[in-house]
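Novice: Pasting a structure below so you can have a look.
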Amino acid sequence: MHGNLSFGIDFVARKCKADKKRADIFARITINGELKEISIKEQIDTCDWVSEKEAVKGKTLEARATNERIESVRFRLRDKYRSLDDAGALITADTVKAAYLGVQSLQRGHKLIELTDYYKKIWEEKLRRGGFKNYKTTIDYIQRFLSHKYANGDIFLSQLSIEVITEFEHYVRTNPIKCQDPCLGNGLAKHVQRFKRIISWAVELKWLKTNPINTYSCPIKKTKRKKLTIQELVALEEQDFTNDTVRYVRDLFVYSCYTGLAYVDVMALKESHFEWQPGGTVWCYIYRTKSDELCGIPLLKRAANILNLYKTRHVSNECNTNVFKRISNQEINRSLKIIKEICRIETPMTYHVARHTFAKTVALKNGVPLETVQIMMGHTKITTTQIYADVDEEKVMDDLAGIEEKLQIKRDLIMASKLISYM
């Protein structure tokens, strides 16, 4: 594994500062030009040292004992080097010296597989399934990469470097878990981002002093969130469907367009999640499956009508019965393709597009403050909600509406003031 390393052990004698006639013996470790010295705790007469032989001259018991000590240290240093090499550990002059002195645990410490397993153990319990599933995929990629790259399928955290994460990015790019679904673009960047976060957690645990891959950059490109225009939403609402499943999927989709709830949250809705107030307003309170954040949503009329329609059909007298009859996300998305063609909607339609439609088309474009949208969508950070507040062509046209008339009025006023000044 470390076949390209240059490794050498030499012994040198250095005159003592207090007595120039005496000298201390040091073992010098050289690895790829890096030097480290260790005192072997032996002192001799300066004139007895033979530098060419790296030994003490003479056949006295003292000389023979010192030379045996030198050979013993040489053997132990080589043995520590081999042990590090066999373990796939980081090999430098420092780590060999540390291994010899008995403090190698500081350099070797924990391994990457140990960290990912521990991360999974702790955080899978803390986060909901939806919030952790992407981390599970990243951990799977990390473990596949280690198995592919390293003979023993693991490395010490002290071996992490920019080179390692560069190789990891290349591995994910060229070895997708699903052959028919390559991991590129923002998906790849997210895996790199999560890898860096796991290593940052190791720093928090004191398993590492610093994050050696923190400066690595794999930028996430900003993309426009697909959402229906108000014209497409109205066309969808008004379209009559003869197929019961397609009509049901349309109603679920429209319900999310007016509430912002994701598929998994809509499927989890029970009567206990709703409060009917005296004024007629219906409130929906539910903890999001993905983030475990509480959403508080006053239902708009369209959403309330759909709720009332299906509440009477599918909810029994028990308050823990689901409001909407379960249907798989795959079946929903298949039906949405049919709906898209029938309604002649240009926007690509998946169920999650309904959530985006609520944020942008229904809420933000109609003056609902960003902070209010954050609460209704159950975002933990307002920066997540800001993604939906991008400026598109429609908003540009809305903002520029009437500008020609305003400019003309100002021109007329300026011209009128000039005419008065000439009179």
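The values are calculated or read from the model by the stated rules, or taken from the named source; none is laboratory data. Bear in mind that the values here come from a model prediction, so they are computed numbers and not experimental data. Ideal geometry is used to build each Cβ from the backbone, glycine not excepted, and the neighbour counts take in all protein chains shown.
Novice: Please list, ordered by residue number, the strands (runs of 3 or more DSSP E) wholly in the stretch 255-299 having 2 or more residues that are within 19 Å of Thr372 (Cα to Cα) and in contact with a helix residue (DSSP H, G or I) (Cβ under 9 Å, 6 or more places away or on another chain).
Specialist: Fully inside the stretch 255-299 and qualifying: 282-287, 294-298.
Novice: Assess whether Thr92 counts as being at pLDDT below 90, hydroxyl-bearing (Ser, Thr, Tyr) and not assigned by TED's automatic domain parsing to the domain that holds Ile139. Steps first, answer last, please.
Specialist: Numbers: at pLDDT below 90: yes; hydroxyl-bearing (Ser, Thr, Tyr): yes; not assigned by TED's automatic domain parsing to the domain that holds Ile139: yes.
Yes.
Novice: Does the stretch 220-233 contain any residue that is hydroxyl-bearing (Ser, Thr, Tyr) and under 30 Å from His170 (Cβ atoms)?
Specialist: First pass over the stretch 220-233, keeping only residues hydroxyl-bearing (Ser, Thr, Tyr): 223, 229.
Then drop every residue that is not under 30 Å from His170 (Cβ atoms), which leaves 223.
Yes, some residue in the stretch 220-233 is hydroxyl-bearing (Ser, Thr, Tyr) and under 30 Å from His170 (Cβ atoms).
Novice: I'd like the full set of residues that are surrounded by 16 or more Cβ atoms within 10 Å (Cβ to Cβ) and either without any contact (Cβ under 8 Å) to a residue 60 or more places away in the chain or among the small types (Gly, Ala, Ser) (or both), limited to the stretch 145-172.
Specialist: Step one: list which residues in the stretch 145-172 are surrounded by 16 or more Cβ atoms within 10 Å (Cβ to Cβ), which gives 145-146, 153-160, 164-165, 168-169, 171-172.
Passing the criteria: Phe145, Leu146, Gly153, Leu157, Ser158, Leu160, Val164, Ile165, Phe168, Glu169, Tyr171, Val172.
Novice: While we're looking at this one, here's another question. Ala363 versus (1) modelled with pLDDT under 80; (2) under 18 Å from Lys226 (Cα atoms): which is the lone unmet condition?
Specialist: Failed condition: (1).
Novice: Can you list residue pairs whose Cβ atoms sit under 6 Å apart, with the first residue in the stretch 93-111 being hydrophobic (A, V, I, L, M, F, W, C) and the second being modelled with pLDDT of 85 or more? Count only pairs 6 or more apart in sequence or on different chains.
Specialist: Going by the 6 Å Cβ cut-off, the qualifying pairs are Ala93/Ile29; Ala93/Ile31; Ala93/Glu34; Ala93/Lys36; Val96/Ile29; Val96/Lys80; Val96/Tyr81; Ala99/Lys80.
Novice: Here's a check for you: in the stretch 23-68, which residue that is assigned to a loop (DSSP other than H, G, I, E, B) and touching a strand residue (DSSP E or B) at 6+ places or on another chain (Cβ under 8 Å) is farthest from Ser6 (Cα to Cα)?
Specialist: Our first condition is that a residue be assigned to a loop (DSSP other than H, G, I, E, B); within the stretch 23-68, this holds for 32-33, 51-54, 57-60.
Checking which are touching a strand residue (DSSP E or B) at 6+ places or on another chain (Cβ under 8 Å) leaves us with 51, 54, 57.
Working: Ser51: 22, Glu54: 20, Lys57: 29 Å.
Across the stretch 23-68, the extreme among qualifying residues is Lys57.
Novice: Whether any residue in the stretch 176-197 is surrounded by 13 or more Cβ atoms within 10 Å (Cβ to Cβ), β-branched (Val, Ile, Thr) and either in contact (Cβ under 8 Å) with a residue 60 or more places away in the chain or over 30 Å from Tyr263 (Cα atoms) (or both) is what I want to check. Write out each step before concluding.
Specialist: Initially, the stretch 176-197 is screened for residues surrounded by 13 or more Cβ atoms within 10 Å (Cβ to Cβ), giving 176, 182-183, 186-197.
After this cut, where a residue has to be β-branched (Val, Ile, Thr) as well, the list is 192.
Of the ones still in play, those that are also either in contact (Cβ under 8 Å) with a residue 60 or more places away in the chain or over 30 Å from Tyr263 (Cα atoms) (or both) are none.
No; the residues of the stretch 176-197 include none that is surrounded by 13 or more Cβ atoms within 10 Å (Cβ to Cβ), β-branched (Val, Ile, Thr) and either in contact (Cβ under 8 Å) with a residue 60 or more places away in the chain or over 30 Å from Tyr263 (Cα atoms) (or both).
Novice: Within the stretch 1-48, how many residues turn out to be in contact (Cβ under 8 Å) with a residue 60 or more places away in the chain and of a type in the set (Lys, Arg)?
Specialist: Residues in the stretch 1-48 being in contact (Cβ under 8 Å) with a residue 60 or more places away in the chain and of a type in the set (Lys, Arg): 1 in total.
Novice: Looking only at residues in the stretch 198-239 that are more than 23 Å from Thr138 (Cβ to Cβ) and in contact with a Leu (Cβ under 8 Å, 6 or more places away or on another chain), which one is surrounded by the most Cβ atoms within 10 Å (Cβ to Cβ)?
Specialist: Leu228
Novice: Would you point out the residue of the stretch 1-48, among those that are hydroxyl-bearing (Ser, Thr, Tyr) and within 51 Å of the chain's Cα centre (by Cα), that is surrounded by the fewest Cβ atoms within 10 Å (Cβ to Cβ)?
Specialist: Within the stretch 1-48, the match that is surrounded by the fewest Cβ atoms within 10 Å (Cβ to Cβ) is Ser6.
Novice: Provide a single number: the residues in the stretch 100-137 that are at pLDDT below 75, part of a helix (DSSP H, G or I) and among the charged types (D, E, K, R).
Specialist: Final tally of qualifying residues: 2.
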